[in-house]
Amino acid sequence: MIDNIGKLGADIWMHRYALRNLIMKDFRIRYRNMSLGVLWSVLNPLVMLGILVVVFTYIYPQQGHVFFPISVLLGIVSYNLLALCIPAATGSVVDNAPLVKKVIFPRHILPISVVLSQSIQGLTQLGLVAVFVLIFQVPITVKFLLIPVIYGVLLMFVVGVGLLCSAFNVVFRDMRYLVESALTVMFWLSPVFYTLPIVHKSFPRWLFALYLLNPLAGCIDALRRVVLENKLPDIPSFSVAVVVSLVTLITGFAVFGRLQRQFADLV
Amino acid sequence: MTSVTGNAPPAAIVLDQVGKCYRLRKHKTFLMHELLARVRGIPIAHDEFWALRDVSFSIAAGESLAFVGKNGAGKSTLLGLIAGTVYPTLGTVRVSGRIGALLELGSGFHPDLTGRENIYMNASLLGLRKNEVDARFDRIVEFSELQEFIDVPLRNYSSGMAMRLGFSVAIHTDPDIMLMDEVFAVGDQEFQQKCLARVAEFKAQGKTMIFVSHGLEVLRGVCERAIWLEHGKVLADGPLEDVLAQYSSHAH
């Protein structure tokens, strides 16, 4: 087992340049045929933000948010990381059927490269947060250094789910539609336009514990505390997010490793 | 280690009682009723097709060998197993050394990327690092004779041009073992001669080479051993001329 992990790690490391090329290929192809290019990745969260801010300040006012627009934006950006990466990763093995059938390389790098290239787009959205932080004159503190850590936890979760979905999609082609529905559910089950403390107050304890199994919950809350309230992440909810993300990542690698033996026969 | 192993060259490839079974379904993937059947514990009926059955042989490092047989005899499955893209249902496959597979030329190419970008993409998938591709880039382009088109997207290449580029990338990755599936159908006569010259060079360097080809004449120049496959079984394994004689007398 340990031996296998070491071998896989070495194999992926040997193909790190291929991974970089796959990421760049994904980027080039995506933007070569678009006139607005990278602008789209900033436009989408801005539109979402506009709608949510209008609805929840005028029609249905919310309590508990500090710097409401930024608070919502942090939620949108975190959720978007999932919404950008998972559908793209799901198709990554099937869409590269000729490669999978004929070229020998660790297949893991297919979903991983897609997740990484999409998360670069996610990073530009994080840049949008920075702009808003400056506009609203949110005090910038040392705790901002925790942002990459929280983002890293989210990324572990996304890579894990990406590996799982791309492998399942080979044997079960309806995966794409399942992913679409699951993402809609995830949007409402994540504290995007509401906050985690409100969920904590309104849910019975067992339901709240269940709710925390979605790592977006702990991560979005942690981001808000760090960026807007100059506080450290809430230890219980953030640790659940870390553990769930890690378990998902490990499960993703394990399941992908098992199913990839059949990839060449099935794609 | 005993001294017995001292003289014989190390085996590059060993297949031990290998079987490969494909499940033939009407649809390639899991269907809803199949899922339901599995949940209820009802066994699912498949048509099984054994592409290979009980295949055992070993190939020494430096040997040049050909798989012959009709379409559907299992030759390409066998190459896939050795390359590691296909996993055996039964038995074991052991391979030592870096494999440069020419299972299908240019299979990693993307139509939207230029020739240059595709060279880097393809070579890196075959396991090369950036500086290694940089060092080989000029030779790859020169061999493919595509200098003028190297910054043109692949979609504008003819199929022959794309295959030439694929062949050129694959032979420059410096493999220990070369697997070639009908690659001599590439390009015009002149380019074929060039490929054959390169194959002879590899042979002189002591690389292990496995060919699948229907052009029996081509094989005569490069292989000393052949394995004849029929319906997934090995019918003959021995010196090329003997096996080819058996194969052609059977065919007529």
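The values are calculated or read from the model by the stated rules, or taken from the named source; none is laboratory data. As the structure is a computational prediction, the values presented were derived from the model and not from experiment. Glycine also receives a Cβ, built like all others from the backbone with ideal geometry; neighbour counts cover every protein chain displayed.
The table below lists the values:
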item: Single unsatisfied condition, residue A:72 versus (1) outside any loop (DSSP other than H, G, I, E, B); (2) within 19 Å of residue A:26 (Cβ to Cβ); result: (2)
item: Residue tally, condition outside any helix (DSSP H, G or I) and surrounded by 14 or more Cβ atoms within 10 Å (Cβ to Cβ), over the range B:175-189; result: 10
item: Subset of the range B:136-161 (residues that are surrounded by fewer than 14 Cβ atoms within 10 Å (Cβ to Cβ) and within 13 Å of chain A (Cβ to nearest Cβ)); result: B:155
item: Filter result (hydrophobic (A, V, I, L, M, F, W, C) and within 14 Å of chain B (Cβ to nearest Cβ)) within the range A:69-103; result: A:93, A:94, A:97, A:99, A:100, A:103
item: Of residues in the range A:147-183 being without any contact (Cβ under 8 Å) to a residue 40 or more places away in the chain and not in a helix (DSSP H, G or I), the one nearest to residue A:265 (Cα to Cα); result: A:172
item: Subset of the range A:214-246 that is free of Cβ contacts under 8 Å to residues at least 60 places away in the same chain and aliphatic (A, V, I, L, M) - its residue that is farthest from the other protein chains (Cβ to nearest Cβ); result: A:235
item: Filtered residues of the range A:195-213 (kept if in contact (Cβ under 8 Å) with a residue 12 or more places away in the chain and either surrounded by 18 or more Cβ atoms within 10 Å (Cβ to Cβ) or in a loop (DSSP other than H, G, I, E, B) (or both)); result: A:195, A:196, A:199, A:211, A:212, A:213
item: The range B:220-235, residues that are under 14 Å from residue B:75 (Cβ atoms) and part of a strand (DSSP E or B); result: B:226, B:227, B:228, B:229, B:230, B:233, B:234, B:235
item: Members of the range A:218-267 found to be surrounded by fewer than 19 Cβ atoms within 10 Å (Cβ to Cβ), farther than 30 Å from residue B:85 by Cβ and of a type in the set (Ser, Thr, Tyr), listed by number; result: A:239
item: Near pairs, Cβ below 6 angstrom, 6+ apart or cross-chain, from the range B:60-72 (acidic (Asp, Glu)) to any residue that is at pLDDT 90 or above; result: B:63/B:208
item: Number of the condition not met by residue B:109 [criteria: (1) more than 9 Å from chain A (Cβ to nearest Cβ); (2) over 29 Å from residue B:14 (Cβ atoms); (3) of a type outside the set (D, E, K, R)]; result: (1)
item: Residues of the range B:112-123 that turn out to be under 15 Å from residue A:103 (Cβ atoms) and more than 7 Å from chain A (Cβ to nearest Cβ), as a count; result: 4
item: Residue in the range A:133-146 that is surrounded by 14 or more Cβ atoms within 10 Å (Cβ to Cβ), touching a residue at least 60 places away in the same chain (Cβ under 8 Å), basic (Lys, Arg) and under 30 Å from residue A:67 (Cβ atoms) present; result: yes
item: Lone unmet requirement of (1) in contact with a strand residue (DSSP E or B) (Cβ under 9 Å, 6 or more places away or on another chain); (2) more than 24 Å from residue B:61 (Cα to Cα) for residue B:181; result: (2)
item: Whichever residue in the range A:13-27 is out of contact with any Ser or Thr (no Cβ under 6 Å at 6 or more places or on another chain) and surrounded by fewer than 19 Cβ atoms within 10 Å (Cβ to Cβ) and, among such residues, is farthest from the other protein chains (Cβ to nearest Cβ); result: A:13
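Yes/no per residue for (1) without any contact (Cβ under 8 Å) to a residue 24 or more places away in the chain; (2) surrounded by fewer than 19 Cβ atoms within 10 Å (Cβ to Cβ); (3) not polar (S, T, N, Q):
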site: B:171; (1), (2), (3): no, no, yes
site: B:198; (1), (2), (3): no, yes, yes
site: B:213; (1), (2), (3): no, no, no
site: B:240; (1), (2), (3): no, no, yes
site: B:248; (1), (2), (3): no, yes, no
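Yes/no per residue for (1) modelled with pLDDT of 95 or more; (2) touching a Leu at 6+ places or on another chain (Cβ under 8 Å); (3) over 30 Å from residue B:22 (Cα atoms):
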| site | (1), (2), (3) |
| --- | --- |
| A:150 | yes, yes, yes |
| A:183 | yes, yes, yes |
| A:194 | no, no, yes |
| A:201 | no, no, yes |
| A:247 | yes, no, yes |
| A:251 | yes, yes, no |
| A:259 | no, no, no |
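Residues checked against (1) closer than 27 Å to residue A:92 by Cα; (2) at the interface with chain A (Cβ under 7 Å from one of its Cβ atoms); (3) buried (at least 22 other Cβ atoms within 10 Å of the Cβ):
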site	(1), (2), (3)
B:63	no, no, no
B:70	no, no, no
B:84	yes, yes, no
B:87	yes, yes, no
B:90	no, no, no
B:96	no, no, no
B:100	yes, no, yes
B:125	yes, yes, yes
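Condition check ((1) within 28 Å of residue A:49 (Cβ to Cβ); (2) hydrophobic (A, V, I, L, M, F, W, C)) across all residues:
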position	(1), (2)
A:96	no, no
A:119	yes, no
A:128	yes, yes
A:132	yes, yes
A:148	yes, no
A:151	yes, no
A:162	yes, no
A:172	no, yes
A:194	yes, no
